[in-house]
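Below is one structure; the comments refer to it alone.
The values are calculated or read from the model by the stated rules, or taken from the named source; none is laboratory data. All of these numbers come straight from a predicted model, not from anything done at the bench. Positions of Cβ are backbone-derived with ideal geometry, glycine not excepted, and every protein chain shown enters the neighbour counts. Heads up: the accessible areas ignore ligands, DNA and RNA and are worked out on the full protein's heavy atoms, side chains in. Shrake-Rupley method; radii C 1.70, N 1.55, O 1.52, S 1.80 Å.
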Amino acid sequence: MESTIRTEGSYTIVALSGEVDLYYSPKAREQILQQVNKKTNVLVDLSNVTYIDSSGVASLVEGYQLARGNKSEFGLVGVSHAAMQVLQLARLDKVFPIYGSVSDAIKAKP
């Protein structure tokens, strides 16, 4: 797994790529929580994720819950087919705000 962090508008984008599994999810969790703890609006870009397991999903859920507690925004963008299948199976596609792209998320912000 690789990750990059960038800022667009009022959002910090954490872009993950590759496999987000038991081995790599601690790094993903650290990256996500580090940004959420800054009380910034965070988008996690999953467009290049080829595989995600329950530990990776748990990192997303933890980030989402922490962001809600911080009263900041948290969403997913460009969710790959592989990641979407897992989110749908866990019914989390109904929980997370999901956007097609970063620009879609920025436009959706009131």
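Those residues that are farther than 13 Å from residue 51 by Cα and either buried (at least 17 other Cβ atoms within 10 Å of the Cβ) or among the aromatic types (Phe, Trp, Tyr) (or both), I need them from region 1-27; list them, please. If you could, list the steps in order and put the result at the bottom.
Of all residues in region 1-27, those farther than 13 Å from residue 51 by Cα come to 3-15, 26-27.
Of everything in region 1-27, those that are farther than 13 Å from residue 51 by Cα and either buried (at least 17 other Cβ atoms within 10 Å of the Cβ) or among the aromatic types (Phe, Trp, Tyr) (or both) turn out to be 3, 11, 12, 13, 14, 15.
If we only count helices (runs of 4 or more DSSP H) wholly inside region 25-110, which ones have 1 or more residues that are under 15 Å from residue 12 (Cα atoms), among the aliphatic types (A, V, I, L, M) and at pLDDT below 95? Give the derivation first.
On the way: elements: 25-36, 54-70, 81-89, 102-108.
The helices (runs of 4 or more DSSP H) meeting that bar are 102-108.
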Problem - Residue, nearest to residue 6 (Cα to Cα), within region 39-96, restricted to residues that are touching an Asp or Glu at 6+ places or on another chain (Cβ under 6 Å) and not hydroxyl-bearing (Ser, Thr, Tyr) - result: 41
Handout entry: Conditions (1) among the charged types (D, E, K, R); (2) closer than 22 Å to residue 107 by Cβ; (3) within 12 Å of the chain's Cα centre (by Cα); (4) open to solvent by 40 Å² or more (accessible area, probe 1.4 Å): number failed by residue 71
Key = (3)
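Among the residues of region 34-66, count how many are touching a Ser or Thr at 6+ places or on another chain (Cβ under 8 Å) and aliphatic (A, V, I, L, M).
Taking region 34-66 as the starting set, the residues that turn out to be touching a Ser or Thr at 6+ places or on another chain (Cβ under 8 Å) are 35-36, 38-43, 46-50, 53, 55-56, 58-59.
Now drop any that are not aliphatic (A, V, I, L, M), which leaves 36, 42-43, 46, 49, 58.
The number of residues fulfilling the criteria is 6.
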